[in-house]
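Chemist: Here it is, the structure in full.
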Amino acid sequence: MGNMKSMDRGDDLYVEDTDPNEAVNKKIASKPQVQTSLDKMKKNPLDLGTKEGLLKTYLLYNDTLTYVEPQINDIIRQELAVKEEMDAGVEDPNIEQVESPAAPFTSKSTYTPASIHTSSPHSPQSHGGMGSKRPHLKIKLVITELPDNKKERKVLSPILSTLNLSPQFGLFHSALIIGPWKIEWNDSELVIPRRCMASAVLAFDVHEFTGEEKVKDTLGKLAEVISKYNVNGQYDQLNCNCQRFVDDVLKQLGIELKFTGQLDAFLKELKRTGRCESKYKVPDQFLDALKQHTFKSELKVDENGIVKFDTHEQLDEFVHKMESLSARYFYFDGGANDFKLLKAFDRALWLRHFKHKIEKKSSNPQYKPSACCPFGDPTQTATNMKS
C-alpha cells in the first residue's frame, strides 16, 4: 500500500514512523467504549497495529475454511438483541458520525455495494463453509443505512432503521464483508475485524478469490491496509471516511469495479446525494409493452419510463412481467446489472418482512412477497446471501 502520505488525503491526517503499540494504545485510551468491546472479544488489541498481529489474532486463515454464512432469522434476532442493548445503555463502539448526505461517497472511484448475495441469474454459485472444493474468500461491499433518529445512528442497523421508513433509503455507511469478517472504518479510528451476521440495505458480491495461496495472499494484503489505518489513520468525514477506506482496500486487493445500466445510474445517484429510492428506469425495448400493461399491484410506469416500487408485490409482479417479455434479458442482453439492482431491492424487502414478523408477530403488506417471488425465498436457500 506504500507510504500513507502518498495517498491524496493531506499530510495532517497521518503521522509517520509511529510505534504501532503506542498508536493503538492511544486510540483505545481516548475511546473507552472501544476498550470495552475489545475486552469482550478477548483478543490482544495491540495485534491490530501490525500485519503479523492481525493475521495471528484477527484474520485467521482457518476461519475462512469453517465459516458458514448465517440464516436470515439469525441475522434479524441478532440485530434485535443489539437494539435491546442500546436501549439498556450499552454503547456500540463501531459508530460512524453522521456525515453530510453526500459525504460517505466523496471518492472519485466507482464502486458498487454486498452482503445479501445478488448475483445475476447465470452466475455460478459457490457455497461457503465446510464442503467447498477449494478454499475461497468472497468480497462483498455493503451499504448500511444511518437512521434518522440520533440515538439509532449509533447502531448502524440496516433492518431496524429502514423498517420505520418508506422504501426510500436514507443516509448511508459503506463497509466490506470479507469472508467471515465485517471490515469498516469509522470515527473509532480502529478497524477491528469482527465475525459478523451481516445484513444491508444494498449489497453485492464484488469478487471471489479461490485457492489456498490466493486466499492467504489476500488476507496478507488486507492486514497491511488495516494496520496502516489503525496506526496512522485519522478519521475525517470528507477525506478519510468509510468510503475512502473501502476504496483503499479494494485497490490494494486489485479489484476494479465497473457497472452499467440501471445499477450504475442508481449508484451514481446514491454517491451524489446519499439518498435513493427503490425505483427503476424501464429499458427502451420494453417501455411500450409495460406502459400498456395493467399491473394487479397497481404499479405504474410514469411518463419518463420510471417505475417506483412501494411494495414487495409490485417488485415481484414487475420482474415476472419483464421475464415474460424477454426470457434472456437478465441473462445475456446486458441486463445482468439491472437484475442485481432489482434483487438488492428484493432482499431488502425480505429482511423487512421477516423482521416485522418476528417483532410484531404479523406480516406487513408493504414488505410481504408475492406467492411466487421471482428471486426465491431466502429461507429456502443455504443462507440469505445466496440465490
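The values are calculated or read from the model by the stated rules, or taken from the named source; none is laboratory data. None of these values were measured; they are calculated from a predicted model. Positions of Cβ are backbone-derived with ideal geometry, glycine not excepted, and every protein chain shown enters the neighbour counts.
Chemist: Pick from segment 13-35 the residues that are more than 18 Å from TRP185 (Cα to Cα) and at pLDDT below 85: which of them is surrounded by the fewest Cβ atoms within 10 Å (Cβ to Cβ)?
Modeler: Filtering segment 13-35 for residues that are more than 18 Å from TRP185 (Cα to Cα) and at pLDDT below 85, the one surrounded by the fewest Cβ atoms within 10 Å (Cβ to Cβ) comes out as ASP17.
Chemist: For CYS276, work out the one condition from (1) within 16 Å of ASP338 (Cβ to Cβ); (2) touching an Asp or Glu at 6+ places or on another chain (Cβ under 6 Å); (3) without any contact (Cβ under 8 Å) to a residue 60 or more places away in the chain it doesn't fulfil.
Modeler: Going through (1) within 16 Å of ASP338 (Cβ to Cβ); (2) touching an Asp or Glu at 6+ places or on another chain (Cβ under 6 Å); (3) without any contact (Cβ under 8 Å) to a residue 60 or more places away in the chain one by one, CYS276 breaks only (3).
Chemist: LEU59 is checked against (1) of a type in the set (A, V, I, L, M, F, W, C); (2) assigned to a helix (DSSP H, G or I); (3) in contact with a Phe, Trp or Tyr (Cβ under 9 Å, 6 or more places away or on another chain); (4) modelled with pLDDT of 85 or more and fails just one. What number does that condition carry?
Modeler: So LEU59 meets the others, but not (2).
Chemist: Within segment 294-304, is even one residue surrounded by fewer than 19 Cβ atoms within 10 Å (Cβ to Cβ) and not in a loop (DSSP other than H, G, I, E, B)?
Modeler: There is no residue in segment 294-304 that is surrounded by fewer than 19 Cβ atoms within 10 Å (Cβ to Cβ) and not in a loop (DSSP other than H, G, I, E, B).
Chemist: Right, here's the next one. Of the residues that make up segment 94-104, is at least one surrounded by 17 or more Cβ atoms within 10 Å (Cβ to Cβ), part of a loop (DSSP other than H, G, I, E, B) and either more than 19 Å from the chain's Cα centre (by Cα) or at pLDDT 60 or above (or both)?
Modeler: No, the conditions are met nowhere in segment 94-104.
Chemist: Check whether at least one residue in segment 353-372 is within 22 Å of ASP205 (Cβ to Cβ) and polar (S, T, N, Q), and report yes or no.
Modeler: no
Chemist: Also: Which one is farthest from ILE226 (Cα to Cα) among residues in segment 183-195 that are touching a strand residue (DSSP E or B) at 6+ places or on another chain (Cβ under 7 Å) and surrounded by fewer than 21 Cβ atoms within 10 Å (Cβ to Cβ)?
Modeler: Within segment 183-195, the match that is farthest from ILE226 (Cα to Cα) is ARG195.
Chemist: Here is a follow-up. Looking only at residues that are of a type in the set (A, V, I, L, M, F, W, C) and modelled with pLDDT under 85 in segment 266-285, which one is surrounded by the most Cβ atoms within 10 Å (Cβ to Cβ)?
Modeler: PHE266
Chemist: Can you tell me which residue among ASP288, ASP247 is at pLDDT 95 or above, in a helix (DSSP H, G or I), charged (D, E, K, R) and surrounded by fewer than 22 Cβ atoms within 10 Å (Cβ to Cβ)?
Modeler: None of the other options fit; the residue is ASP288.
Chemist: Within the bounds of segment 344-353, is there any residue that is of a type in the set (A, V, I, L, M, F, W, C), more than 18 Å from ILE143 (Cβ to Cβ), in contact with a strand residue (DSSP E or B) (Cβ under 7 Å, 6 or more places away or on another chain) and buried (at least 17 other Cβ atoms within 10 Å of the Cβ)?
Modeler: Step one: filter segment 344-353 for residues of a type in the set (A, V, I, L, M, F, W, C), giving 344-345, 348-351.
Restricting the remaining residues to those that are more than 18 Å from ILE143 (Cβ to Cβ) gives none.
Within segment 344-353, none of the residues are of a type in the set (A, V, I, L, M, F, W, C), more than 18 Å from ILE143 (Cβ to Cβ), in contact with a strand residue (DSSP E or B) (Cβ under 7 Å, 6 or more places away or on another chain) and buried (at least 17 other Cβ atoms within 10 Å of the Cβ).
Chemist: Go through (1) crowded, with 17+ Cβ neighbours inside 10 Å; (2) more than 23 Å from the chain's Cα centre (by Cα) and name the single condition ASN364 misses.
Modeler: It is condition (1) that ASN364 fails.
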